[in-house]
Structures are given as C-alpha cells and as structure tokens.
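Student: Supplied in structure tokens, the structure appears directly below.
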Amino acid sequence: MTSTVDPTAATRAIVAPTARVRPRPARRAWVSVLKHAGLILLSLIMVYPLLWLVVSSFKPNERIFSDLGIFTTDLTLDNYVHGWTSQQLPFSVFLANSSILVIGAIIGNLVSCSLAAYAFARLKFWGRNLFFAIMLGTIMLPFHVVLVPQFIIFRELGWLETFLPLVVPKFLATDAFFIFLMVQFIRGLPKEIFEAARIDGAGQFRIYAQITLPLMVPALATTAIFTFIWTWGDFFGPLIYLRTRDNFPVSVALKGFIDAQSSSNYGAMFAMSVVSLIPLFLAFLIGQRYLIKGFATTGIK
C-alpha cells in the first residue's frame with residue numbers, strides 16, 4: 001500500500017521560518033521596571049552630593065558636619081547673608097569678574113576658532129594637513145608644560161594683575177578642541193553651497209560670514225556653552241595671574257571662606273557655591289538642545 005504525501009504541506013514545512021520565542025509580556029514588564037529602578041537609584045546617588053550641598057547651605061555652621069542627612073528642619077538664611085558680605089567686598093564683585101572673563105573668553109573662542117576652522121576645512125594652502133596635525137597634538141599637551149613660559153611672557157608684557165592673560169589667548173585660537181569640533185561640522189556641510197557662492201562672486205570672508213556662520217549655529221552654541229563652563233569654574237589660571245581681591249573671580253573667591261589657621265565658614269562657602277552654580281545650570285538648561293545637536297552633527301561621540 002503506497003502512502004501519499006501532500007506536497008503543499010511539505011513545502012510549507014520546509015519554507016516556513018522557525019518562530020521566535022518571544023518573552024512573555026509579564027517578564028518584559030518586570031525587566032523594564034528593574035531597569036528604570038536601577039537608573040533612578042544611580043541618578044539619586046549622583047545627585048545626592050548636590051542635594052547635600054544645597055541643604056547644607058541652609059544649615060547652621062555647627063550642624064553641617066554633625067548632621068549629614070538632607071532632611072532637616074533647622075534651616076536658616078544666615079549663611080547667604082554672611083557669605084555675600086563677609087569678604088570685604090560684596091560677592092557681586094566676584095560674580096561680575098567671572099562674567100567679564102566668561103564674556104571675553106566666549107567672544108574670543110567664537111571668533112578665532114571659527115576662523116581657524118574655516119581655514120582648515122575649506123581653504124587649500126601649503127602644509128594644511130601638517131598644521132592641522134600639530135594643532136590636534138596640542139590637545140594632548142598638558143597646561144602645566146607651557147605654564148612657566150606663558151607666565152614669563154605675560155610678566156614681561158606687564159599683564160599680571162589684569163584679566164588679559166586669561167582672555168587674550170582665547171582670541172588666538174588656542175583651544176584646539178573647539179577648532180576640531182567646528183572643522184568636523186563645516187566638512188559636513190554640502191559643498192554645493194560654497195561652490196554656488198564662489199560662482200556668484202563671493203569672496204572667502206563673505207562665504208565665512210554670510211554662509212558658514214549661520215549654518216554652524218549648533219557648533220558655535222556648543223563652543224559657547226563649554227567655554228562658559230570651563231572659564232567660570234577655572235581656578236588655576238586666575239590663581240596664578242590674579243593676586244588682588246578686587247580681581248578675583250568666583251572660583252578663587254570661594255577659597256576665601258576656608259582658613260587653615262583659624263575657623264572656616266563652610267556654611268557661607270556652601271551658600272555662595274549654590275549661588276555660583278545657578279549661572280552654570282541656566283546656561284546648560286538654555287543651550288541643551290544646541291549642545292546635543294552640535295555633537296550629533298559633528299560626529300563626536
């Protein structure tokens with residue numbers, strides 16, 4: 001007796017792909033809950049020092065280190081009042097000094113780094129690749145290597161006790177990281193735009209000012225935000241070149257609340273630290289979308 005096999009069924013059995021074993025909905029839900037719980041826990045661990053700083057700025061000075069928790073009812077504004085007026089000068093003077101340094105550094109980096117980046121990205125000149133490699137090599141050069149020669153140069157120029165040593169180098173395209181970031185951005189722009197501008201008779205400076213700059217707003221915003229953060233929090237540079245209290249920025253003025261020979265006012269220092277963090281928080285909050293877009297469009301991971 002001959003058995004017959006349905007060819008259609010055999011073909012379906014061969015051709016049909018093996019079904020994937022999908023996890024159950026309940027299991028997927030538990031995995032998602034565990035992931036979110038872990039992320040929330042890590043976020044709390046990272047944010048805890050900042051929360052402790054804010055809460056400690058409202059505590060009496062004698063209870064800051066005796067009570068390390070963030071939940072307390074003994075709160076006061078005396079630290080803010082004392083911190084604002086305890087250093088012979090109002091703390092607004094130090095905020096103004098930091099603002100001057102930040103504004104000068106931002107303008108210098110935006111102008112000089114964008115010009116250098118446009119030259120490396122769009123102009124053809126002898127030794128361009130060599131100079132670009134040397135420029136990238138300066139990123140790995142520690143600041144302390146050139147500290148002594150720079151100090152001697154600025155001393156001979158009579159720039160000590162002024163903001164010039166901290167601002168003028170920014171106008172000379174000394175921040176190679178920002179040049180590299182802008183070069184990557186400009187190289188990602190369509191070449192047809194620049195070719196059309198040349199056909200219309202536009203010169204290099206007009207192409208840079210009227211075409212390149214408007215298109216590279218994300219890279220410029222990223223440069224401005226990072227320059228703001230790094231300059232506002234810079235401690236070593238102002239400590240080297242500025243010795244007069246009238247010229248101190250916020251980063252150096254905060255050190256005045258700590259005295260190794262007498263009692264230190266940690267409450268006032270924490271209070272003014274919170275005040276000095278507000279501009280950084282606002283700058284990052286306002287420019288966050290430009291910051292993300294700038295890194296996304298330059299290919300920097």
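Student: For region 41-77, name all the residues that are of a type in the set (Asp, Glu) and either within 29 Å of the chain's Cα centre (by Cα) or surrounded by 15 or more Cβ atoms within 10 Å (Cβ to Cβ) (or both).
Tutor: Result: 67, single match.
Student: Among 194, 177, which is more than 27 Å from the chain's Cα centre (by Cα), surrounded by 12 or more Cβ atoms within 10 Å (Cβ to Cβ) and of a type in the set (Phe, Trp, Tyr)?
Tutor: None of the others qualify; the one that does is 194.
Student: Let me ask something else about it. Take region 135-171 and flag every residue that is over 26 Å from residue 246 (Cα atoms) and either surrounded by 11 or more Cβ atoms within 10 Å (Cβ to Cβ) or polar (S, T, N, Q) (or both).
Tutor: 135, 136, 138, 139, 146
Student: Within region 225-237, track down each residue that is in contact with a Gly (Cβ under 8 Å, 6 or more places away or on another chain) and farther than 16 Å from residue 281 by Cβ.
Tutor: Result: no residue meets the conditions.
Student: When you scan region 78-110, how many residues do you find that are in a loop (DSSP other than H, G, I, E, B) and under 29 Å from the mean Cα position of the chain (by Cα)?
Tutor: Matching residues across region 78-110 total 1.
Student: Still on this structure, please answer the following. Within region 285-300, can one find any residue that is outside any helix (DSSP H, G or I), modelled with pLDDT under 90 and either crowded, with 20+ Cβ neighbours inside 10 Å or not acidic (Asp, Glu) (or both)?
Tutor: yes
Student: Exactly one of these conditions fails for residue 261: (1) at pLDDT below 90; (2) buried (at least 17 other Cβ atoms within 10 Å of the Cβ). Give me its number.
Tutor: Every condition holds for residue 261 apart from (2).
Student: If you don't mind, another one. Scanning for something touching a Lys or Arg at 6+ places or on another chain (Cβ under 7 Å) and either of a type in the set (A, V, I, L, M) or assigned by TED's automatic domain parsing to the domain that holds residue 280 (or both), does region 89-96 turn up at least one residue?
Tutor: Yes: region 89-96 contains one or more residues that are touching a Lys or Arg at 6+ places or on another chain (Cβ under 7 Å) and either of a type in the set (A, V, I, L, M) or assigned by TED's automatic domain parsing to the domain that holds residue 280 (or both).
Student: Okay, moving on. What number of residues within region 32-74 are of a type in the set (A, V, I, L, M), outside any helix (DSSP H, G or I) and modelled with pLDDT of 80 or more?
Tutor: Looking only at that region, the number is 1.
Student: Among the numbered conditions (1) part of a helix (DSSP H, G or I); (2) at pLDDT below 80; (3) within 30 Å of residue 265 (Cα to Cα), tell me where residue 10 comes up short.
Tutor: Going through the list (1) part of a helix (DSSP H, G or I); (2) at pLDDT below 80; (3) within 30 Å of residue 265 (Cα to Cα), residue 10 breaks only (3).
Student: Condition first: in contact with a Ser or Thr (Cβ under 9 Å, 6 or more places away or on another chain), surrounded by fewer than 23 Cβ atoms within 10 Å (Cβ to Cβ) and not small (Gly, Ala, Ser). Now tell me which residues in region 104-122 satisfy that.
Tutor: 106, 110, 118, 122
The values are calculated or read from the model by the stated rules, or taken from the named source; none is laboratory data. Everything quoted here is computed from the prediction, not taken from an experiment. Ideal geometry is used to build each Cβ from the backbone, glycine not excepted, and the neighbour counts take in all protein chains shown.
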